[in-house]
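The next block holds one structure in the form of structure tokens; read it before the comments.
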Amino acid sequence: MTKIESEDIHIIARHSNWPTESIEKTLAEKVYSNADSWKKFLKFFLLTLGLGFTVAGVIFFFAYNWAHLNKFAKIGIIQGLITIATLLAMIPKFSLTVRNILLTAASLLIGVLFAVFGQIYQTGANAYDFFLAWTICITIWVLVSNFSPLWMLYLILINTVIYLYSEQVASLKTIELYTYLTSLNALFLLSALFVGLAKKNIPLWFTNTIALALVCFATIGMVVGIFEGRNLYFIILSFITAILYTMGTIYGIQNKRAFYLSIIPFSIIIIISAAFIKIFDNNWGFLLTCVFIVASVSVLITRLIDIQKKWIHEAGN
Amino acid sequence: MKQETEINELINRVRALENDSIEFDEAAIHAEYQHIAGEKSSLAIKIITIFGGLLATLALLGFFAAASLFESEIGCMISGVIFIAASIGLNKIESKLIIDTFSISLFVSGLSLIGIAFDQFNANDNILPLAFIGICAATLMITQRYILSFISILVINGSILGLIEMHREYQLIHIYIAIITAILVAWFLKEAKIISANKKLSRLYRPFRIGFTISYVFGLFLAMKNFFNQQVVSNTWISSVFTISASLFVVYILCNVLQVKQIKDRILVYLVSLLVLSSTAMMPAIPGSILIILLSFRVNFKTGLAIGILSFIYFVSQYYYDLSFSLLTKSYMMLGTGALFLLIYLFTYKKLQAHE
């Protein structure tokens with residue numbers, strides 16, 4: 001039997017003389033939260049607020065006394081927390097998710113530990129050192145837990161290390177940096193998709209997030225390249241982007257991933273618009289770009305809707 | 001996408017509920033399903049539509065700037081009006097998803113151009129927001145497309161808040177909060193009445209719901225005691241009276257849903273709710289965001305729930321940040337609040353076991 005959704009009620013109510021009281025009753029039965037879901041919600045709400053405020057209170061308590069604590073106590077408290085979290089994560093009685101969350105918490109605390117260490121001893125290090133040390137120290141936990149949120153933290157850290165290294169030490173050109181970031185995340189995405197093919201336990205949000213980051217880096221790099229003029233890295237990045245986008249589009253069509261088929265063309269539209277503005281460099285360039293964006297976005301949306309219809313149709317048969 | 005047979009099944013089920021005393025315009029229902037099937041869009045498509053529209057707007061305004069068209073106020077005014085008229089006209093002629101991109105960029109560019117024109121006329125400051133309110137209200141009456149209506153609602157509310165901010169008449173924010181609280185509660189709880197009242201109102205139901213929820217958060221933000229660290233809004237408790245009593249009203253409805261029947265239990269629930277809510281009387285935004293959470297959960301409105309939770313976290317953090325106590329006092333307050341909620345949790349644990 002088809003489920004009645006709120007949209008169905010809206011449409012039928014619009015084109016009939018359905019009495020208000022009956023609509024009210026149907027909405028209450030089919031759409032609104034019932035007593036059971038309210039109970040679950042309230043339990044969750046009260047527990048989250050209770051724990052949230054208590055934890056915040058404890059943190060504030062330490063924050064207040066922080067300045068008065070000596071070095072030993074400061075580092076000791078954080079190391080103690082890391083040890084407790086890691087030991088708890090080794091207890092087999094807990095479910096795997098709980099143990100993984102504990103390990104993720106320990107990984108976050110490692111960052112806090114390094115921050116406190118740097119603050120006490122005024123190591124004067126570049127910020128990239130701090131992130132690099134953090135990244136290296138949690139590597140084994142990342143591999144052992146194989147937990148997607150922890151992997152995501154790890155990838156974010158690696159990207160941060162590269163970004164800060166280029167800012168503070170290497171002083172790379174913008175386009176150079178984005179070429180590296182694009183290639184690196186392409187590598188991550190390909191490995192994730194490859195592992196996903198074999199084991200199918202990689203969540204969609206994980207690969208989609210990497211794909212989105214990758215497309216953003218490629219887009220920024222290409223736009224910067226267009227405005228900065230020709231250079232070797234621009235050619236390399238264009239080449240990489242072209243290959244990646246082709247692969248992404250083929251993957252999207254074969255695996256029915258509308259996400260890839262949305263972000264890649266949209267990125268291309270932005271890149272081409274930037275090229276228009278650069279090439280024409282006058283008021284007509286802007287007008288042309290405007291017309292181009294409207295036309296291409298319209299075509300893109302029409303095509304996407306068609307493809308989705310086709311997929312739904314195929315799934316229905 | 002629903003098949004013909006599924007639609008007929010739905011109609012028949014509703015008919016069975018009503019003992020055949022109901023009349024349908026079946027052709028119109030089928031036509032509407034046909035129409036939405038053509039534009040069932042994923043979130044990605046909606047986002048592309050909006051961002052595409054905004055990018056095109058930027059390019060169009062870039063053209064105006066590069067061609068120095070901004071210098072002629074009459075030119076701006078005329079093109080602004082033409083753009084808005086074209087945007088509404090397009091929506092009216094062909095209400096399809098692909099038109100949306102074009103229509104949004106025309107609408108936003110039109111409003112910006114009119115804004116620039118007024119700026120150059122050196123007109124009275126009040127005219128622009130009032131003109132925006134007029135334009136958007138007219139738009140809502142003419143077309144009820146989702147995104148255009150949503151933008152119109154935001155612009156109307158933004159203009160009202162802008163007027164308050166411009167004149168520094170912050171006392172008026174209490175009236176704004178009172179009105180929007182009433183609208184919000186009525187809009188969420190009287191869904192059946194609104195969607196059966198007339199077709200235009202029924203089509204505006206969803207864009208209004210999300211538009212008012214977001215505007216409410218902005219209103220609450222403005223009503224915060226230490227807005228941008230200036231004590232601008234005095235007597236914040238006035239707003240709190242409205243947000244707290246509305247929240248208590250939803251608690252009353254909740255008691256009915258949960259079938260809390262004994263008078264003793266009810267009084268206890270109201271007292272505890274009143275105690276918790278009134279502890280935030282200095283910060284009407286907190287009970288306001290709780291109101292959004294409760295209303296959204298009641299009608300199963302997920303976007304609203306997310307907005308409510310995010311704004312609740314923000315307002316609570318801001319509340320503790322603004323309190324002029326030492327960190328230690330704040331820490332005790334938080335521990336106390338946490339303990340209170342944990343106590344309520346423990347006391348209600350048995351009663352809140354789901355019967356499943």
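The values are calculated or read from the model by the stated rules, or taken from the named source; none is laboratory data. No experiment lies behind these values; they were computed from the predicted model shown. As a convention, Cβ positions derive from the backbone with ideal geometry for all residues, glycine included, and neighbour counts pool all protein chains shown.
Scanning segment A:11-30 for residues that are in a helix (DSSP H, G or I), within 7 Å of chain B (Cβ to nearest Cβ) and either hydrophobic (A, V, I, L, M, F, W, C) or surrounded by fewer than 17 Cβ atoms within 10 Å (Cβ to Cβ) (or both) yields a count of 6. Annotation note: Cβ proximity below 6 Å between a residue of segment B:10-30 that is more than 8 Å from chain A (Cβ to nearest Cβ) and a residue that is modelled with pLDDT of 80 or more and surrounded by 12 or more Cβ atoms within 10 Å (Cβ to Cβ) (sequence gap 6+ or interchain) occurs for no pair.
Kindly indicate whether residue B:295 is under 15 Å from the mean Cα position of the chain (by Cα), crowded, with 18+ Cβ neighbours inside 10 Å and under 22 Å from residue B:242 (Cα atoms). Give the steps one after another, and end with the answer.
Details: under 15 Å from the mean Cα position of the chain (by Cα): yes; crowded, with 18+ Cβ neighbours inside 10 Å: yes; under 22 Å from residue B:242 (Cα atoms): yes.
When the stated conditions are applied, residue B:295 passes them.
Confirm whether residue B:164 is of a type in the set (Val, Ile, Thr), part of a helix (DSSP H, G or I), at pLDDT 90 or above and crowded, with 16+ Cβ neighbours inside 10 Å.
On the way: of a type in the set (Val, Ile, Thr): yes; part of a helix (DSSP H, G or I): yes; at pLDDT 90 or above: no; crowded, with 16+ Cβ neighbours inside 10 Å: yes.
Judged against the criteria, residue B:164 is not a match.
The conditions of being of a type outside the set (D, E, K, R), assigned to a helix (DSSP H, G or I), at negative phi and modelled with pLDDT of 75 or more are not met by residue B:22. Residues that are touching an Asp or Glu at 6+ places or on another chain (Cβ under 9 Å) and either charged (D, E, K, R) or in a helix (DSSP H, G or I) (or both) were ranked within segment B:207-254; the one that is modelled with the lowest pLDDT is B:229.
Within segment A:66-88, track down each residue that is assigned to a helix (DSSP H, G or I), within 14 Å of another protein chain (Cβ to nearest Cβ) and among the hydrophobic types (A, V, I, L, M, F, W, C). Break it down stepwise before answering.
Within segment A:66-88, the first condition is being assigned to a helix (DSSP H, G or I), and the residues that meet it are A:66-68, A:71-88.
Cutting the leftovers down to within 14 Å of another protein chain (Cβ to nearest Cβ) gives us A:66-68.
Within segment A:66-88, A:66, A:67 qualify.
Against the numbered list (1) surrounded by 20 or more Cβ atoms within 10 Å (Cβ to Cβ); (2) over 17 Å from the mean Cα position of the chain (by Cα); (3) among the hydrophobic types (A, V, I, L, M, F, W, C), residue A:218 comes up short only at (2). Residues considered: A:117, A:194. Of these, the only one that is in a helix (DSSP H, G or I) and farther than 30 Å from residue A:245 by Cα is A:117. Determine, yes or no, whether residue A:229 is farther than 23 Å from residue B:47 by Cβ, within 19 Å of the chain's Cα centre (by Cα) and free of Cβ contacts under 8 Å to residues at least 12 places away in the same chain. When the stated conditions are applied, residue A:229 does not pass them.
Report, by residue number, each residue of segment A:127-146 that is at negative phi and out of contact with any Leu (no Cβ under 7 Å at 6 or more places or on another chain).
The initial filter retains those residues of segment A:127-146 that are at negative phi, namely A:127-145.
Once the filter is applied, which keeps residues that are at negative phi and out of contact with any Leu (no Cβ under 7 Å at 6 or more places or on another chain), segment A:127-146 yields A:129, A:130, A:132, A:133, A:136, A:137, A:138, A:139, A:140, A:143, A:144.
Mind checking whether some residue in segment B:327-337 is more than 11 Å from every other protein chain (Cβ to nearest Cβ) and in a helix (DSSP H, G or I)? Within segment B:327-337 (the criterion being more than 11 Å from every other protein chain (Cβ to nearest Cβ) and in a helix (DSSP H, G or I)), the answer is no, since none of the residues qualifies.
Condition check ((1) over 28 Å from residue A:60 (Cα atoms); (2) at pLDDT 90 or above; (3) over 23 Å from the mean Cα position of the chain (by Cα)) across all residues:
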{"position": "B:271", "(1), (2), (3)": "yes, yes, yes"}
{"position": "B:286", "(1), (2), (3)": "no, yes, no"}
{"position": "B:289", "(1), (2), (3)": "no, yes, no"}
{"position": "B:306", "(1), (2), (3)": "no, yes, no"}
{"position": "B:311", "(1), (2), (3)": "no, yes, no"}
{"position": "B:315", "(1), (2), (3)": "no, yes, no"}
{"position": "B:323", "(1), (2), (3)": "no, no, yes"}
{"position": "B:328", "(1), (2), (3)": "no, no, yes"}
{"position": "B:333", "(1), (2), (3)": "no, no, yes"}
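Do we have residue B:93 as within 29 Å of residue B:180 (Cα to Cα), modelled with pLDDT under 90 and not assigned by TED's automatic domain parsing to the domain that holds residue B:205 here? Taking the combined requirement at face value, the residue does not satisfy it. For segment A:222-234, a residue qualifies if it is under 8 Å from residue A:174 (Cβ atoms) and not β-branched (Val, Ile, Thr), and exactly one does: A:228.
Of the residues that make up segment A:254-269, is at least one more than 14 Å from chain B (Cβ to nearest Cβ) and without any contact (Cβ under 8 Å) to a residue 60 or more places away in the chain? Walk me through it before giving the result.
First, the residues of segment A:254-269 that are more than 14 Å from chain B (Cβ to nearest Cβ): A:254-255.
Subset that is without any contact (Cβ under 8 Å) to a residue 60 or more places away in the chain: A:254-255.
The answer is yes; a qualifying residue exists.
For segment A:31-60, residues that are of a type outside the set (S, T, N, Q), closer than 18 Å to residue B:254 by Cβ and within 7 Å of chain B (Cβ to nearest Cβ) total 13. Hey, can you tell me all the residues within segment A:30-80 that are under 30 Å from residue B:352 (Cβ atoms) and of a type in the set (Lys, Arg)? A:30, A:39, A:40, A:43, listed by residue number.
Residue-by-condition table, conditions (1) surrounded by 13 or more Cβ atoms within 10 Å (Cβ to Cβ); (2) closer than 28 Å to residue B:321 by Cβ; (3) charged (D, E, K, R):
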| site | (1), (2), (3) |
| --- | --- |
| A:63 | yes, yes, no |
| A:74 | yes, yes, yes |
| A:79 | yes, no, no |
| A:84 | yes, no, no |
| A:90 | no, no, no |
| A:114 | yes, yes, no |
| A:118 | yes, yes, no |
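When the residues of segment A:304-316 are filtered to those that are surrounded by 12 or more Cβ atoms within 10 Å (Cβ to Cβ) and free of Cβ contacts under 8 Å to residues at least 40 places away in the same chain, which remaining residue is nearest to residue B:60 (Cα to Cα)? Restricting to residues being surrounded by 12 or more Cβ atoms within 10 Å (Cβ to Cβ) and free of Cβ contacts under 8 Å to residues at least 40 places away in the same chain, the top hit is A:305. Go through segment A:161-186 and count every residue that is more than 16 Å from residue A:214 (Cβ to Cβ), in a helix (DSSP H, G or I) and among the hydroxyl-bearing types (Ser, Thr, Tyr). Selection size over segment A:161-186: 3. Filtered by the rule that a residue be within 18 Å of residue A:188 (Cβ to Cβ) and not in a helix (DSSP H, G or I), segment A:242-269 gives a lone residue, A:257.
Take the conditions within 23 Å of residue A:218 (Cβ to Cβ), part of a helix (DSSP H, G or I) and small (Gly, Ala, Ser) and apply them to residue A:107. Does it pass? Write out each step before concluding.
On the way: within 23 Å of residue A:218 (Cβ to Cβ): no; part of a helix (DSSP H, G or I): yes; small (Gly, Ala, Ser): yes.
When the stated conditions are applied, residue A:107 does not pass them.
Would you mind stating whether residue A:63 is part of a helix (DSSP H, G or I) and more than 8 Å from chain B (Cβ to nearest Cβ)? No; evaluated as a whole, the condition is false for this residue.
Based on what the data block shows, is residue A:292 within 9 Å of another protein chain (Cβ to nearest Cβ), surrounded by fewer than 20 Cβ atoms within 10 Å (Cβ to Cβ) and out of contact with any His (no Cβ under 8 Å at 6 or more places or on another chain)?
It is true that residue A:292 is within 9 Å of another protein chain (Cβ to nearest Cβ), surrounded by fewer than 20 Cβ atoms within 10 Å (Cβ to Cβ) and out of contact with any His (no Cβ under 8 Å at 6 or more places or on another chain).
From B:343, B:271, which residue is part of a helix (DSSP H, G or I) and within 30 Å of residue B:190 (Cα to Cα)?
On the way: B:343 fails: within 30 Å of residue B:190 (Cα to Cα).
Only one candidate passes the filter, namely B:271.
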